[in-house]
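Only one structure is covered here, and it is reproduced in the block below.
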Amino acid sequence: MQKKVLEVENKQVYRLEGLSCTNCAAKFEKNIRAIDSVDDVQLNFGASKITVQGAASIAQLEKAGAFDGIKLYPERQRTKPKRPFWKKRDNIASMLSLLFTIIGYTLFFQLGENNPLTVGMFAVAILTGGYHLFIIGFKNLVKLQFDMKTLMTVAIIGAAIIGEWAEGAVVVFLFALSEALEGYSMDKARKSIQSLMDIAPNRATIKRGGSLIEIDVEDVQIGDIMVIKPGQKIAMDGEVVSGESSINQAAITGESIPVYKSVGEEVFAGTLNEEGSLEIRVTKFAEDTTIAKIIHLVEEAQAERAPSQQFVDRFARYYTPVILIIALLIAIVPPLLFGGVWSEWIYSGLAVLVVGCPCALVISTPVAIVTAIGNAARKGVLIKGGIHLEEAGKLQVIAFDKTGTLTEGKPVVTEVVSIGAMTDGDVLAFAAAIESYSQHPLASAIIRKAKEERVETWDATDFRSFTGKGARAVVQGKQYIIGSPALFKDMIKLPVETEQKIQQLQSEGRTVMLLGTPARIEGLIAVADQIRKDSPSIIERLVQLGKCTVMLTGDNQATGKAIAQQIGITETKAELMPQDKLVAIKQVREQYGSVAMVGDGVNDAPALAAANIGIAMGGAGTDTALETADIALMSDDLDKLPYTMALSKKTLKIIKQNIIFAFVLKLVALLLVIPGWLTLWIAIFADMGATLIVVLNSLRLMNAK
């Protein structure tokens, strides 16, 4: 235990500025691991975040990232220091490189290509724009580590050796511009998640000792009373203890329709109080709020490599050495075997090195995945990894829990029928008197209905329950029983008309309870769990998409079948315990293929785990849902299910487009070697063009509907 406490104390989490390249991220992580005081390190490129286990200082860590100008700042720091565009080192170097290149071309046309002043300007342009590139490239070359910067270093040095100073300068500037575009794209993709950090206020107004004080949220304690005025954002998760208001929960659930909150109801940090004043008892620390958990889980999701990204990474590992070999063969084979001009073929080999940079290929997947996950989070869908995002588009069948997923999960009385001498109102009043002692959901439905109908209130005494069957009590001096038809069948013979009515109601998916004495039936009450208004339309959309739908429920076969018919579900499996749902999911998976289980994340946990994708309803405030499921629908809204599947398909489509674009552009450029048309200019434009297309194509996911 002591060791665990020490590990927590030594763990530091930082956000990073200036991290734009996957190769740079890998090198930065490697440099940190080399620090003696560091025990372990985990770098999340997608979220631009690093976790360090050990006693390293920020200065030591920034020294490890000095090769790329990486800066660190504490995770909890709400606003990261912003450097103006003209103060960023890479941008300054790029602009100076462009300036000297322009001067060089001016002298090129006035003094000639080989004039020392012209060559000098191009050399300054190359050194200014490529200084840091060359340092990394040389180090990699010595260690035989071949990444895109190694390839560029070799190409530019080769261009200078054969006297192509002008093109070398242009290549350096365009490569710097390409790197800036890559960095911009990743920052843009990350921004949607980083903006979540600013949703909840960083200070809260707390009532202590009869006075109001404003303190940092990190200093707020569980049990503190937080005061929220109309128009203010709620700073912490908590429970309303005074007041009532409409709360806009869009930040958590993605739904902008305000939700009415009164005493005893839960509210979340980052949501907006629209009307009345509220006093809220804080129930969670700042780091444990729902919005904090969402940010943490989404950042973890961005760090997890999707299958397509794993493929690209493995491919790039072999791709780079192959490009080097091809470039070498192009440079030496024609002059050696066919009498080609050495300078021309070396030039072509250098151009192949440039066009072969795997930059666009490497970035083709992570930008798309990070952008899609960020978009989904803003819409109230928490996707916990690229692998789950990809899998959602391949689903063949969707299995649903019934209660609380397809239905409201709140039973209501649908019918009260008097059979004996009592009126309908008397049946409801006597039933409510008995059920006032019960905690069963059906009892709550009867009590609510009695209040709505304003029936007479009676007191019950000598209450006794029959587990799973009903209850009895004395009302108005006489013993009455309320319970299932099976309970009464053990005591008396039910009239034929009553049996027929019970069967009719049960076939319609309702639960029937009888009220009477040990000698006769006085009436019956039908209770049903109401279907969500949008359930039929969602199921219809899924069927139109070619998906099979299955309902898994613990209810009896008749009730399950009736609900399924109303909603449009194609298959029903009823009378299932949680372990039976697990078996059912495995059977459905074998029968149809890829399956998703949609449930509440608590009693459906085994089935959620067994499915290809577990989807939890109502993730807002439900810790189990956030932890158990692969995807959480934060707004408790089934309409987000087709959206998630569509987003997955669009993401996969864009990833495939990115890979194809990157390959085709490079292949076309490489084919230009055959007629001798491939120049360094064309090579760098092909590489930069591929990167630009991949970036812009991926950013389309930011506005996916």
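Structure above, values below:
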| item | result |
| --- | --- |
| Top-ranked residue of region 35-50 - restricted to ones that are touching a strand residue (DSSP E or B) at 6+ places or on another chain (Cβ under 6 Å), of a type outside the set (Lys, Arg) and open to solvent by less than 30 Å² (accessible area, probe 1.4 Å), ranked as modelled with the lowest pLDDT | Ser48 |
| When residues of region 63-73 are limited to those that are at pLDDT 80 or above and open to solvent by less than 20 Å² (accessible area, probe 1.4 Å), the one farthest from Leu16 (Cα to Cα) | Ala64 |
| Unmet criterion (only one of (1) free of Cβ contacts under 8 Å to residues at least 24 places away in the same chain; (2) open to solvent by 60 Å² or more (accessible area, probe 1.4 Å)) for Gln530 | (1) |
| Yes/no for Glu255 being surrounded by fewer than 20 Cβ atoms within 10 Å (Cβ to Cβ) and at pLDDT below 85 | yes |
| Residues that are within 20 Å of Lys410 (Cβ to Cβ), among the hydrophobic types (A, V, I, L, M, F, W, C) and either at pLDDT below 80 or not in a helix (DSSP H, G or I) (or both), drawn from region 533-568 | Met551, Leu552 |
| Tabulated pairs, region 9-25, first within 9 Å of Val52 (Cβ to Cβ) and modelled with pLDDT of 75 or more, second in a strand (DSSP E or B) and not charged (D, E, K, R), C-beta under 7 angstrom, 6+ apart or interchain | Lys11/Thr51; Lys11/Gln53; Gln12/Val52; Val13/Thr51; Tyr14/Ile50; Tyr14/Leu72; Tyr14/Tyr73; Tyr14/Pro74 |
| Condition check for Pro518: surrounded by 12 or more Cβ atoms within 10 Å (Cβ to Cβ) and touching a residue at least 24 places away in the same chain (Cβ under 8 Å) | no |
| Output for region 688-705, where each listed residue is surrounded by 15 or more Cβ atoms within 10 Å (Cβ to Cβ) and either modelled with pLDDT under 70 or closer than 18 Å to Ala166 by Cβ (or both) | Met688, Ala704 |
| Tally of residues being under 17 Å from Gly163 (Cβ atoms) and in contact with a Phe, Trp or Tyr (Cβ under 7 Å, 6 or more places away or on another chain) across region 98-132 | 9 |
| Of all residues making up region 489-514, the number that are free of Cβ contacts under 8 Å to residues at least 12 places away in the same chain and of a type in the set (S, T, N, Q) | 3 |
| Qualifying residue in region 470-484 (condition: outside any strand (DSSP E or B), β-branched (Val, Ile, Thr) and closer than 30 Å to Lys402 by Cα) | no |
| Condition check for Ile32: assigned to a helix (DSSP H, G or I), modelled with pLDDT of 80 or more and open to solvent by less than 30 Å² (accessible area, probe 1.4 Å) | yes |
| Extreme residue, farthest from the chain's Cα centre (by Cα), among residues of region 112-127 that are open to solvent by 50 Å² or more (accessible area, probe 1.4 Å) and at pLDDT below 85 | Asn114 |
| Residue match in region 213-225 (condition: within 25 Å of Lys640 (Cα to Cα), at pLDDT below 90 and open to solvent by less than 60 Å² (accessible area, probe 1.4 Å)) | no |
| Matching residues in region 234-250 - criterion: being surrounded by fewer than 17 Cβ atoms within 10 Å (Cβ to Cβ) and either of a type in the set (A, V, I, L, M, F, W, C) or modelled with pLDDT of 90 or more (or both) | Glu239, Val241, Ser242 |
| Positions within region 393-416 being open to solvent by 20 Å² or more (accessible area, probe 1.4 Å), of a type outside the set (D, E, K, R) and in a loop (DSSP other than H, G, I, E, B), in sequence order | Gln396 |
| Residues located in region 570-597, provided they are surrounded by 17 or more Cβ atoms within 10 Å (Cβ to Cβ), in contact with a Gly (Cβ under 9 Å, 6 or more places away or on another chain) and either within 26 Å of Gln506 (Cβ to Cβ) or charged (D, E, K, R) (or both) | Thr572, Lys573, Ala574, Leu576, Lys581 |
| Region 367-386 residues that are at positive phi, paired with ones that are part of a helix (DSSP H, G or I) and of a type in the set (Ser, Thr, Tyr) (beta carbon under 7 Å, 6 or more apart) | Gly380/Thr253 |
| Flag if Val341 is on the phi < 0 side of the Ramachandran plot, at pLDDT below 80 and not aromatic (Phe, Trp, Tyr) | no |
| Residue that is modelled with the highest pLDDT, among those in region 52-62 that are open to solvent by less than 30 Å² (accessible area, probe 1.4 Å) and not in a helix (DSSP H, G or I) | Val52 |
| Among (1) open to solvent by less than 30 Å² (accessible area, probe 1.4 Å); (2) more than 23 Å from Ile659 (Cβ to Cβ), the one test that Val352 misses | (2) |
| Residue under evaluation Ile631, criteria (1) modelled with pLDDT of 80 or more; (2) open to solvent by 50 Å² or more (accessible area, probe 1.4 Å), criterion not met | (2) |
| Test: residue in region 546-565 that is closer than 27 Å to Glu508 by Cα, among the basic types (Lys, Arg) and open to solvent by less than 50 Å² (accessible area, probe 1.4 Å) | yes |
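Here is a yes/no grid of residues against (1) out of contact with any Phe, Trp or Tyr (no Cβ under 8 Å at 6 or more places or on another chain); (2) among the polar types (S, T, N, Q); (3) more than 18 Å from Val427 (Cα to Cα):
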site: Gln506; (1), (2), (3): yes, yes, yes
site: Gly523; (1), (2), (3): yes, no, no
site: Ala526; (1), (2), (3): yes, no, no
site: Lys533; (1), (2), (3): yes, no, yes
site: Glu540; (1), (2), (3): yes, no, yes
site: Lys547; (1), (2), (3): yes, no, yes
site: Gly560; (1), (2), (3): yes, no, yes
site: Gln565; (1), (2), (3): yes, yes, yes
site: Gly568; (1), (2), (3): yes, no, yes
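Every residue, every condition in (1) assigned to a helix (DSSP H, G or I); (2) within 13 Å of Val354 (Cα to Cα); (3) open to solvent by 70 Å² or more (accessible area, probe 1.4 Å), yes or no:
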residue	(1), (2), (3)
Thr644	yes, no, no
Leu647	yes, no, no
Thr651	yes, no, no
Lys666	yes, yes, no
Gly676	no, no, no
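The values are calculated or read from the model by the stated rules, or taken from the named source; none is laboratory data. In this text the structure is predicted, and so the values were computed from the model without any measurement. Neighbour counts run over all protein chains shown; Cβ positions are idealised from the backbone, glycine included. To get the accessible areas, we keep the full protein, side chains included, count just its heavy atoms, and leave off ligands, DNA and RNA. Shrake-Rupley method; radii C 1.70, N 1.55, O 1.52, S 1.80 Å.
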